[in-house]
1. Where does helix 24-44 land angle-wise versus the long Cα axis of the chain, in degrees 0 to 90, nearest 10?
2. Just check the range 81-181 against the gyration tensor rule for me: Cα atoms, a ≥ b ≥ c as the square roots of the eigenvalues, rounded for a/c under 1.5, and otherwise prolate or oblate depending on whether a/b exceeds b/c.
3. Could you state the angle between the C-alpha long axis of helix 154-175 and the longest principal axis of the C-alpha atoms of the chain, as a value from 0 to 90 degrees rounded to the nearest 10?
4. For the chain, find the longest principal axis of its Cα atoms and tell me its angle to the long axis of helix 2-20, 0 to 90°, nearest 10.
5. Sticking to Cα atoms, compute the Rg of the range 122-181 to one decimal and its Dmax as the biggest Cα-Cα distance, whole number, in Å.
6. What percent of all Cα-Cα pairs in the chain falls in each 10 Å bin, counting up from 0?
7. Would you mind telling me which residue in 69, 104, 15 has the biggest mean-square fluctuation in a Gaussian network model of the chain, where springs connect alpha carbons within a distance under 10 angstrom?
8. Where the centroid of each part is defined by its Cα atoms, how far is the range 91-107 from the range 33-48 in Å?
């Protein structure tokens, strides 16, 4: 139990240090450390699948992409003349209006959802009992989450992994575009 609080404290320290860091590279390294501690925290909570995703995406791909982006930018901001403030126009409110409308639609969509943990919800009444009773005999995997992700949803997980790989390749292609010229 004490180890959980140590990890949570380390998460807060890493996040605060990343925000307070003056150097962007230091912030990226601190965010990588945050992701690694988060992966250890998920492992401590017996969510190994989430820990692997956090380690691969958070500490791996995101760190590599951020360091590559830092390599493509200047280390210091060029000093520029101070520009005077301009008056806000009605067009400046359009992004805020779009965000508020999207939020309202999302909240409206959640009104029809069953209560969290409701035993009469369709997921709990039909699907969950099937996974609990059939996952060990059908897959031989004791952990329900691993059985669902690796066996029942294997193609779906493979598809998600393919999407992440494609996003990483696109990011590397975009970051490497200026070097060929």
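Only the coordinates and a few stated rules stand behind these numbers; no lab work does. The structure presented is a predicted model; accordingly, all values stated were derived computationally and were not measured. Ideal geometry is used to build each Cβ from the backbone, glycine not excepted, and the neighbour counts take in all protein chains shown.
1. 10
2. Numbers: a/c = 4.84, a/b = 1.52, b/c = 3.18.
Here the range 81-181 falls in the oblate category.
3. So the helix axis and the longest Cα principal axis differ by about 10 degrees.
4. Rounded to the nearest ten degrees, it is 20.
5. Considering the range 122-181 through its Cα atoms, Rg and Dmax are 18.7, 60 Å.
6. Calculated over all Cα pairs of the chain, the distribution is 7, 18, 25, 31, 13, 5, 1, 0 percent.
7. 104
8. Cα centres, the range 91-107 to the range 33-48: 34 Å.
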